[in-house]
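This report concerns only the one structure given below.
The values are calculated or read from the model by the stated rules, or taken from the named source; none is laboratory data. The structure displayed is predicted, hence computed values, not measured ones. Methodologically, a virtual Cβ is constructed for each residue, glycine included, from the backbone with ideal geometry; neighbour enumeration extends over all protein chains shown. Surface areas here come from the heavy atoms of the whole protein model, side chains and all, with no ligands, DNA or RNA. Shrake-Rupley method; radii C 1.70, N 1.55, O 1.52, S 1.80 Å.
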Amino acid sequence: MASTRRKFLQGSLAGIVTAVIPLSAFRFLSPDQARAAVGEADTRWVFLVDTHKCVGCGLCVAACKRENEIPYEVPVTRTWVERYVVTKDGATHIDSPLGGRDGFVSERVAGQEIDPASISKAFFVPKLCNQCENPACVQVCPVGATYQTRDGVVLVDRSWCIGCGYCIMACPYGVRFFHPVHKVAEKCNFCYHRISQGLTTACVQACPFGARRIGNLKDQDDPVTQTIMTTRVAVLKDEYGTKPQVFYIGLDNEVR
Amino acid sequence: MAEEMVVHGLEWTTKELFVYPNEFIYWSIQIVMYPYMTGLVAGAFVLSSLYHVFGQQDLKELARFSLVFSLALLPVAALPLLLHLQQPLRAANPLLTPHFTSAIAAFGIVFSTYGMIVISEIWFVYRRFIVEQATALTGQTGVATTMKRALYRTLTLGAYDLSETALTKDKKAVKLLAGIGIPVACFLHGYAGFIFGSVKANALWMSPLMPVIFIMSAVVSGIALCMLTYIVIMKWHQFRQRSSHADAATAIGGAELEVINKAARYLLGFLVAAISLELLDLIFRGYTAMKSWDILRSVMYGKDFVNIFVLQYGLGNLVPFFLLLLPRRTIGKTVVALLLVLYGVFMMRWNVVIGGQAFSLSFAGYMHYHLPIIPHNLETYREGLLGALTVAVMPFILFWGINRILPSLRYR
Ligand code: SF4
Ligand code: SF4
């Protein structure tokens, strides 16, 4: 009977070997190898926000919600506008009611009355996905449902995302959320369906003051690229090493 | 739109000061349960291996039991993840297209490897018993008996050899599997720690110590649960014996007490290691005082003070520490200490998972978590008190089932 067991063990060993061999037919490519295989893209989408021009009307937020079918009444949003009010005592008051969708019509900041005479500076900062060069969200997605396109935009595959929320946790900018209807990870994608067809994004189109612009960093003649090259610009939270690609003119230390 | 519209997290999150609009407590109670349950699995396994690998004879009685118990806990470790997913039907996707830069991509692989080790070890431990059952039932009639016989026959996998040499080989195999099992068990759980520790966006989670802290507290909780269940089962059995024949033993016998004492010593050792690491982490954060320290401090010493220092460290660590250490320990005191240890480890998981989301990524605001108690839709069941309780009772149900086939405790 000892031989029965031996046979059984031999049989299972053979089974495992046959199961493993086909696996070796797969090859794992490093991102660099993969890039080399498909060639370099001639586009790198970047965004430029001029905070001096933003008046906090919120038209971009409303336009984005409509364009990208994010339910209008819920607090989650692909892009939002923050209001910063710094008072003379050094305190900073920040708010973004409903993501700034309806504009900042109340003088109360975060429900707090602020004496106009006590304000030392105040400004608005629009936020959106930074389409990072080294995106933390892509790194942590266990199934590859979040991925980076050749032209630098990070997309989510709605048919493959398992809804674990790891990417939401990993993004240092808090731009991600679960889509209230589709129940998968959702975020700004620079209106990829529009920009890849030669249109501009919904928010850029909606902004009456030209505070938002989108451009191609690989095109030296692109006006956005030229501004980024020749003006002092900054990015948000570069200490996380994500290499964000939304550039800001007039960023302040107080901006979170 | 006809589909149900739920903003995930809105239900149980309240915000204070400035929090980004999309921030909510996305990882809720089930993500507290997940490391808690894997911790129990790993701990139970390590306890059983102390006997099988390092020959700690005094743990013999407990070893077999905790091995079977870790099998009962195993499927339950994956359950919270399933309940947490927004798309549970796609749970197999990580196995189909694993994206290995993600810390959770390999969960299925690590988990099933570990499962295989536990199952095969149990098979070798019980092979003799299985064969004996299968042989003893041969020739008997009755539907139940036939089914039982068929079950045990299948479980033998055709290996009926009970000769001296074969049994020695079994023992060797057990030792080997238990030996491989320890690093895999630690990996399975250290890995849960890595899932948190590697999130660079989260100031509280990001720490290379996280996996080690998780392993230590895992072993603590695993040993505590095994001891507790062991005591309860022993007591229950005595109770039944006493009611059947009045003159039988009255208290837990000397042998059982011995087992419990030995196990308690290991528990204390791991508890000290766990607390030291956690304190090191805390001191280091305070000393280096990076940008995030201001908000972390206000959470740890302010908003979560009771949760962290009173409930976790005080009630969950310090009190049981002294209860177990002081002389004249009784079974009653031990039980209280074990319950507190289990509670302390749970609070540690809670303070990591929920505490890590208690402050905004903006470092300028806070979020508060309100556990849904009474569910009014699927979401509040899955990620509410009832969902957590479902996960918590499951291992005992499974253990009861497995124990009927492979009895893991010998009653005297
Ligand atoms: S901003 Fe966040 S979501 Fe967008 S690419 Fe960077 S890490 Fe990913
Ligand atoms: S929620 Fe979806 S996109 Fe995000 S990490 Fe999980 S599977 Fe990937």
At least 40 Å² accessible surface lost relative to isolated chain, residues of segment B:72-92 (1.4 Å probe): B:Leu85, B:Gln86, B:Gln87, B:Arg90
In segment B:150-198, which residues become less accessible by 20 Å² or more once every protein chain is in place, relative to the chain on its own, using a 1.4 Å probe? B:Leu157, B:Gly158, B:Ala159, B:Tyr160, B:Asp161, B:Lys169
Total formal charge among the other residues, if their Cβ is under 11 angstrom from that of B:Pro88, Lys/Arg +1 and Asp/Glu -1: +3
Near A:Ala145, within a Cβ-to-Cβ distance under 15 Å, what is the net charge of the other residues, with Lys and Arg +1 and Asp and Glu -1? +3
About its Cα centre, segment A:79-180 carries a charge dipole, from +1 on Lys and Arg Cβ atoms and -1 on Asp and Glu Cβ atoms, whose size in debye to the nearest 20 is 200 debye
Along the charge dipole of the protein assembly as shown, Cβ charges K/R +1 and D/E -1, which of B:Ala77, A:Pro116, B:Phe239 sits furthest on the positive end? B:Phe239
Net charge dipole size for segment B:99-191 [Lys, Arg +1 and Asp, Glu -1 on Cβ; Debye, nearest 20]: 120 debye
Say we join alpha carbon atoms closer than 10 Å with springs in a Gaussian network model of chain B; which of B:Tyr191, B:Tyr36, B:Tyr20 then has the biggest fluctuation? B:Tyr20
Looking at segment B:73-139, which trypsin sites (Lys or Arg not before Pro) are DSSP coil and have at most 12 other C-beta atoms within 10 Å of their C-beta? none
Could you please state, rounded to a whole Å, how far the C-alpha centre of segment B:280-344 is from the C-alpha centre of segment B:358-412? 22 Å
GNM result for chain B, Cα springs below 10 Å: residue of B:Lys291, B:Lys303, B:Lys171 fluctuating most strongly: B:Lys291
Filtered hits (lysines, Cα-Cα < 27 Å from A:Lys243, offset >= 8 within chain) -> A:Lys53, A:Lys65, A:Lys127, A:Lys187, A:Lys218, B:Lys200, B:Lys291
Rounded to the nearest 100 Å², the accessible area buried between A and B, both sides, probe 1.4 Å, is 4700 Å²
For the protein assembly as shown, accessible area per residue (1.4 Å probe, heavy atoms of protein chains only), Å²: 45 Å²
Selected from A:Ala63, A:Gly250, A:Val233, residue furthest toward positive end of dipole (chain A; charges at beta carbon): A:Ala63
Complex-versus-alone comparison for segment B:102-119, residues with a loss of 30 Å² or more in accessible area, probe 1.4 Å: B:Ser102, B:Ile104
Normalised by the empirical 2.2 N^0.38 Å for globular proteins, what value does the Cα Rg of segment B:207-353 take? 1.27
Which residue fluctuates the most in chain B, going by a Gaussian network model with Cα springs under 10 Å, if the choices are B:Ile397, B:Ile122, B:Ile231? B:Ile397
Okay, helix-only estimate at 222 nm for chain A: each DSSP H run of n ≥ 4 adds -39500 (n - 2.57), divide by all residues, round to 500 deg cm²/dmol; what do you get? -6500 deg cm²/dmol
Considering Cα pairs under 8 angstrom that are at least six residues apart, work out the relative contact order of chain A and quote it in whole percent. 25 percent
What distance in nm separates the two pseudo spin-label positions at B:Thr97 and A:Glu40, each 7 Å out from Cα along the beta-carbon direction? 2.8 nm
Quick one: check the C-alpha center-to-center distance for segment A:163-219 versus segment A:87-128, whole angstrom. 24 Å
Carbon and sulfur together cover what percent of the accessible area of segment A:136-186 at a 1.4 Å probe radius? 54 percent
Only Lys, Arg, Asp and Glu count, each charged at its Cβ (+1, +1, -1, -1), so figure out the dipole size of the protein assembly as shown about its Cα centre, rounded to 20 debye. 2440 debye
Leading residue at positive end of dipole, the protein assembly as shown (Cβ point charges), from A:Ser106, B:Pro98, A:Cys203: B:Pro98
Considering only DSSP beta bridges where both residues belong to the protein assembly as shown, give the percentage that are antiparallel (nearest 5). 90 percent
How many percent of the accessible area of segment B:279-412 is carbon or sulfur, using a 1.4 Å probe? 73 percent
Restricting to Cα pairs below 8 Å that are 6+ residues apart, what does the relative contact order work out to for segment B:320-387? Please round to a whole percent. 16 percent
